[in-house]
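Read through the structure below, which is laid out as structure tokens, and then see the notes.
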Amino acid sequence: MLEGAKSMGAGAATIASAGAAVGIGNVFSSLIHSVARNPSLAKQLFGYAILGFALTEAIALFALMMAFLISSVFRSKKESGSFIK
């Protein structure tokens, strides 16, 4: 029972990866639209886009970290390898 709940929790934590992918797509589509409107600001807008990409990617990395924590930290007594009774 604990194993199933652990797998469900890790799977739910990875759903944020899909949201991060959508966010990264929005960042770069906004960059393309903005440069098309005002090409003289392309260099400055690219810096902002890279910052937006980094912050959005950080959310995906936090979700991945939580998935690993859920799947590895919450172990049952049988899996821990402890022989103390």
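The values are calculated or read from the model by the stated rules, or taken from the named source; none is laboratory data. A quick note: this is a predicted structure, and the numbers were derived from the prediction, not measured. Positions of Cβ are generated from backbone atoms using ideal geometry, with glycine treated the same way; all protein chains shown enter the neighbour counts. Just the protein is used for accessible areas: all its heavy atoms, side chains included, with ligands, DNA and RNA removed. Shrake-Rupley method; radii C 1.70, N 1.55, O 1.52, S 1.80 Å.
Filter the stretch 48-61 down to the residues that are more than 24 Å from ALA12 (Cα to Cα) and either among the hydrophobic types (A, V, I, L, M, F, W, C) or loosely packed, with under 14 Cβ neighbours inside 10 Å (or both) and list them by number.
ALA49, ILE50, LEU51, listed by residue number.
Those residues that are within 17 Å of the chain's Cα centre (by Cα) and open to solvent by 100 Å² or more (accessible area, probe 1.4 Å), I need them from the stretch 62-77; list them, please.
Scanning the stretch 62-77 gives PHE62, PHE68.
Kindly indicate the residue of the stretch 1-47 that is open to solvent by 70 Å² or more (accessible area, probe 1.4 Å) and of a type in the set (Lys, Arg) and also farthest from LEU69 (Cα to Cα) among those meeting that condition.
Residue satisfying both the conditions and the ranking: ARG37.
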